[in-house]
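Data block below; observations after.
The values are calculated or read from the model by the stated rules, or taken from the named source; none is laboratory data. None of the values given here were measured: they were computed from a predicted structure. Neighbour counts are summed over all protein chains in view; Cβ atoms, including those assigned to glycine, are modelled from backbone coordinates with ideal geometry. For the accessible areas, the whole protein counts, side chains as well, though only heavy atoms, and no ligand, DNA or RNA atoms are used. Shrake-Rupley method; radii C 1.70, N 1.55, O 1.52, S 1.80 Å.
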Amino acid sequence: RLPHRLYTLIFPLDKTRVLLGMKKRGFGSNKFNGFGGKVEPNESIEQGAIRELREESGLCAQSVDKCGLLFFYFEDDPVVMEVHVFVTREYVGDVQETEEMRPQWFDIHDMPFKQMWADDPRWWPYLLKGQNFAGQFWFKADQVTITHEKLRAL
Ligand code: 6U4
Ligand code: NA
Ligand code: NA
């Protein structure tokens, strides 16, 4: 079994919109995405999602809902990214730009998929329907091309 590394990915929602962040540096830079990062050794996965959201957007989530589990394989990297996906509808605080992310609200039905990871349009419909999902995506080293995928509702 390949080594896995734990990550979170969290999407703040209101009635019609989702808050995404333009990633300004590091892995996935110049893409819009939810907020998230590596889970630290001293925290639960849920705590990691809440912490990353606060660090990257300024929002403090008061509750989160698990919605998906994604595994990403890159042809040049033996470490599998295990990404736990959440939504939150209850949060306080003011949205602020950070060193890592420039936040922007988008209509949930008009997503900037051309500027997002290539897997996102595949599972976003499940998230919108409130249908939990699990997926595996195999990427080429270019981090753009998906060579193989498995995706199902849970
Ligand atoms: P550092 O700079 O080490 O603190 P950290 O914020 O912990 O980084 P980061 O930002 O590199 O971690 O985490 C990657 C983020 O990108 C996680 O939220 C998961 C997300 N992600 C990675 N591959 C993805 C993909 N194919 N599709 C997607 N999100 C992905 O939608
Ligand atoms: Na991050
Ligand atoms: Na981090």
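Overall, region 95-154 carries a charge dipole of about 400 debye about its Cα centre when +1 sits on the Cβ of Lys and Arg and -1 on the Cβ of Asp and Glu, all other atoms neutral. If you run the Gaussian network model on the chain, springs between alpha carbon atoms under 10 Å, then out of Asn42, Asn33, Asn132 the most flexible one is Asn42. A probe of 1.4 angstrom, applied to the heavy atoms of all protein chains, finds Thr145 with accessible area near 50 square angstrom. Surface composition of region 89-146: carbon plus sulfur atoms hold 44% of the accessible area, using a 1.4 angstrom probe and ignoring ligands, DNA and RNA. The three principal axes of the Cα atoms in the chain give end-to-end lengths of 40, 36, 30 Å, sorted in falling order. Rolling a 1.4 Å probe over the heavy atoms of the protein chains gives region 1-113 an accessible area of 53 Å² per residue. Summing Lys and Arg as +1 and Asp and Glu as -1 over all other residues whose Cβ lies under 13 Å from the Cβ of Val83 gives a net charge of -1.
State the percentage of accessible surface on region 1-83 attributable to carbon and sulfur atoms; use a 1.4 Å probe and exclude ligands, DNA and RNA.
Working: 2030 of 4130 Å².
Of all accessible area on region 1-83, carbon and sulfur atoms account for 49 percent.
Computed about its Cα centre, the charge dipole of the chain is approximately 360 debye, with only Lys, Arg, Asp and Glu carrying charge at their Cβ. Sorting His4, His148, His109 on solvent-accessible area from highest to lowest, probe radius 1.4 Å, gives His109, His148, His4. DSSP beta bridges fully contained in the chain are about 65 percent antiparallel. Taken one residue at a time, the phi angles of region 74-83 give Karplus couplings (6.51, -1.76, 1.60, θ = phi - 60°) of 10, 4, 9, 9, x, 8, 7, 8, 9, 10 Hz. Gly and Pro are set to x. Between Leu128, Leu13, Leu70, the residue with the greatest mean-square fluctuation in the GNM of the chain (Cα pairs under 10 Å linked by springs) is Leu128.
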